[in-house]
Amino acid sequence: MCEVLTTNDAATLGRALEPIATIPGQTGFAAAIASVWVSFGAVPAEADALQGTIRSPVPSEVRQEEIPPPPVENQAIFGGKLTLTLQSDQTLNTVSGAKPFNNLYSEPELEWYANFGTHLSVNGLLKAEQVRTVNTNSLFATEGAFFEQLYVTLSLDPARVYGGKIHPRFGLAWDATPGLYGTDFAEDYEVVEKNGIGLAVEIPWFGKHTLSGELFVADTSFLSKSFLSRPRASDRTVLRPSDLQPADGGVSNNGRLNNYAIALDGGKIPGLDGFSYNLGFALQRGGTIPGGEGEDPTTQLNEHDFVAGIQWELPITSRITMTPIFEFARILNQGGADVRTDYYTGGLGFELGGGWAAAACATVRPTRNREDSTRFVDHLAGFSVGYDIGSRLKSAVPL
């Protein structure tokens with residue numbers, strides 16, 4: 001898959017906000033050289049993994065949703081999915097003074113589960129990605145491997161209770177927006193790598209809907225450590241810190257299970273074939289950063305988040321489908337600072353048949369920073385055409 005991208009991205013809003021991977025004012029293109037997934041497991045034909053806290057983390061370009069068969073009683077089963085992605089990003093020009101550069105990197109993901117009967121399962125996601133920003137020619141630079149999820153699910157139809165290192169439900173644009181760069185801005189508000197508990201209830205009324213609630217705190221356990229590359233939260237180029245500590249600050253990094261997310265999502269509504277929606281609200285309390293010698297500690301503000309989105313898969317012909325998506329998110333006190341940021345994300349994906357696909361995406365991100373009385377608007381736009389060469393390589397591999 002190849003994509004052309006243009007974006008203007010304002011500078012990072014201080015230490016409390018996560019650095020953005022894009023370079024200010026950049027224009028460039030990317031090629032996903034290879035993206036292949038392989039499923040594996042010792043699973044009887046009628047068995048299925050119990051559902052976890054969020055849909056498959058496999059990128060939407062290569063993910064294939066399947067109708068799950070019923071589980072098997074009194075059997076231990078296991079399985080998973082290995083996704084291997086190799087991508088090359090070529091930045092043509094920037095307004096930040098950086099010279100054009102190429103960044104070649106991989107993003108492998110190993111998603112696995114182990115079911116014990118029809119009610120209990122253990123689920124995990126081990127992945128690797130670049131954990132520092134890159135602005136020079138690089139080859140597999142600054143890549144770190146870490147556990148993004150590791151939790152236990154107890155399924156008591158129509159409810160599921162789960163706990164561990166979870167991925168709380170909040171929004172979908174960070175995963176579902178088409179294109180190689182379509183998710184970049186929306187990933188700012190993805191709620192991920194939290195230790196907590198959750199409850200999800202299926203509501204089979206006028207369609208299929210799921211109401212969920214989660215209590216969580218930022219992961220500061222040994223699972224927050226990364227391997228290979230281990231940046232600290234104070235590093236200037238950090239994207240994902242290794243071995244996060246309460247003293248590093250950040251929202252939900254307060255050591256208490258008093259942060260929460262509430263979400264409602266659904267689809268399969270009669271008369272609205274292919275339509276789905278999501279609504280969410282989250283409260284992440286500010287952390288406390290110790291002061292220096294003779295200085296008072298800094299208590300960050302509580303972050304309040306709201307999101308609403310829709311997507312609709314529409315058949316155009318027997319081979320071609322079109323899926324528009326739109327999501328709005330408002331983040332108050334982003335990153336614990338006195339900053340309000342809105343996200344307007346839209347995308348249009350086409351499945352053209354024969355392995356071909358095309359996509360267009362755009363995000364507008366207006367920001368008001370009351371700490372230094374500034375306002376600015378970031379824009380991201382891209383389009384892509386792709387061919388799924390991985391479809392020729394996908395196969396089930398028994399262990």
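The values are calculated or read from the model by the stated rules, or taken from the named source; none is laboratory data. Since we're looking at a predicted model, the values are computed, not measured. Using ideal geometry, Cβ is built from the backbone for each residue, glycine included, and neighbour counts are taken over all protein chains shown. Just the protein is used for accessible areas: all its heavy atoms, side chains included, with ligands, DNA and RNA removed. Shrake-Rupley method; radii C 1.70, N 1.55, O 1.52, S 1.80 Å.
Residues that are under 25 Å from PRO297 (Cα atoms), modelled with pLDDT of 95 or more and β-branched (Val, Ile, Thr) within segment 233-268 comprise just one, VAL251. Per this entry, THR323 is not counted among residues that are at negative phi and in contact with a helix residue (DSSP H, G or I) (Cβ under 8 Å, 6 or more places away or on another chain).
Consider SER226 carefully, then state whether it is in contact with a helix residue (DSSP H, G or I) (Cβ under 8 Å, 6 or more places away or on another chain) and buried (at least 19 other Cβ atoms within 10 Å of the Cβ). No: the conditions fail for SER226. Please indicate, with yes or no, whether at least one residue in segment 185-203 is at pLDDT 95 or above, buried (at least 22 other Cβ atoms within 10 Å of the Cβ) and among the polar types (S, T, N, Q). Looking for residues that are at pLDDT 95 or above, buried (at least 22 other Cβ atoms within 10 Å of the Cβ) and among the polar types (S, T, N, Q), one finds none in segment 185-203, hence no. Residues considered: THR153, THR133. Of these, the only one that is in contact with a Ser or Thr (Cβ under 7 Å, 6 or more places away or on another chain) and under 28 Å from LEU104 (Cα atoms) is THR133.
Residue count for segment 135-151 satisfying the condition of being in contact (Cβ under 8 Å) with a residue 60 or more places away in the chain and either aliphatic (A, V, I, L, M) or at positive phi (or both): 3.
The set of residues from segment 206-233 being in a loop (DSSP other than H, G, I, E, B) and without any contact (Cβ under 8 Å) to a residue 60 or more places away in the chain comprises ASP219, THR220, SER221, ARG232, ALA233.
Determine whether GLU148 is under 30 Å from SER212 (Cα atoms) and of a type in the set (D, E, K, R). Yes, satisfied.
Any idea which residue in segment 88-97 is modelled with the lowest pLDDT, counting only those that are surrounded by 18 or more Cβ atoms within 10 Å (Cβ to Cβ) and in a strand (DSSP E or B)? Among those that are surrounded by 18 or more Cβ atoms within 10 Å (Cβ to Cβ) and in a strand (DSSP E or B), it is THR91. When the residues of segment 98-138 are filtered to those that are in a loop (DSSP other than H, G, I, E, B) and over 30 Å from ARG236 (Cα atoms), which remaining residue is least open to solvent (accessible area, probe 1.4 Å)? Per the stated criteria, the residue is GLY117. Taken together, the criteria exclude LEU301 from residues that are modelled with pLDDT under 95, touching a helix residue (DSSP H, G or I) at 6+ places or on another chain (Cβ under 9 Å) and more than 22 Å from ASP175 (Cα to Cα). List the pairs whose first member sits in segment 152-172 and is over 27 Å from TYR343 (Cβ atoms), whose second member is open to solvent by less than 10 Å² (accessible area, probe 1.4 Å) and among the aromatic types (Phe, Trp, Tyr), and whose Cβ atoms are under 6 Å apart, counting only residues at least 6 apart or on separate chains? As it stands, the answer is THR153/TYR162, since those pairs meet every condition given. Working carefully through the options ASP305, ASP338, find the one that is open to solvent by less than 60 Å² (accessible area, probe 1.4 Å) and either free of Cβ contacts under 8 Å to residues at least 60 places away in the same chain or on the phi > 0 side of the Ramachandran plot (or both). Just a single option satisfies the conditions, and that option is ASP338. For GLY163, the conditions (1) surrounded by fewer than 20 Cβ atoms within 10 Å (Cβ to Cβ); (2) at pLDDT 95 or above; (3) more than 21 Å from the chain's Cα centre (by Cα) are fulfilled apart from (3).
Looking at the structure I just gave you, is TRP174 open to solvent by 20 Å² or more (accessible area, probe 1.4 Å) and within 27 Å of SER234 (Cα to Cα)?
Yes, satisfied.
Here GLY271, GLY287, GLY280 are screened, and the one residue that is farther than 30 Å from LEU352 by Cβ and modelled with pLDDT under 95 is GLY287.
The single condition among (1) touching a helix residue (DSSP H, G or I) at 6+ places or on another chain (Cβ under 7 Å); (2) of a type in the set (A, V, I, L, M, F, W, C); (3) part of a strand (DSSP E or B); (4) closer than 30 Å to SER384 by Cβ that TRP174 does not meet is (3). Of the residues that sit in segment 139-160 and are hydroxyl-bearing (Ser, Thr, Tyr) and open to solvent by 10 Å² or more (accessible area, probe 1.4 Å), which one is modelled with the highest pLDDT? Among those that are hydroxyl-bearing (Ser, Thr, Tyr) and open to solvent by 10 Å² or more (accessible area, probe 1.4 Å), it is TYR151. What are the residues in segment 240-269 that are in a helix (DSSP H, G or I) and either of a type outside the set (A, V, I, L, M, F, W, C) or open to solvent by less than 40 Å² (accessible area, probe 1.4 Å) (or both), if any? Once the filter is applied, which keeps residues that are in a helix (DSSP H, G or I) and either of a type outside the set (A, V, I, L, M, F, W, C) or open to solvent by less than 40 Å² (accessible area, probe 1.4 Å) (or both), segment 240-269 yields PRO246, ASP248.
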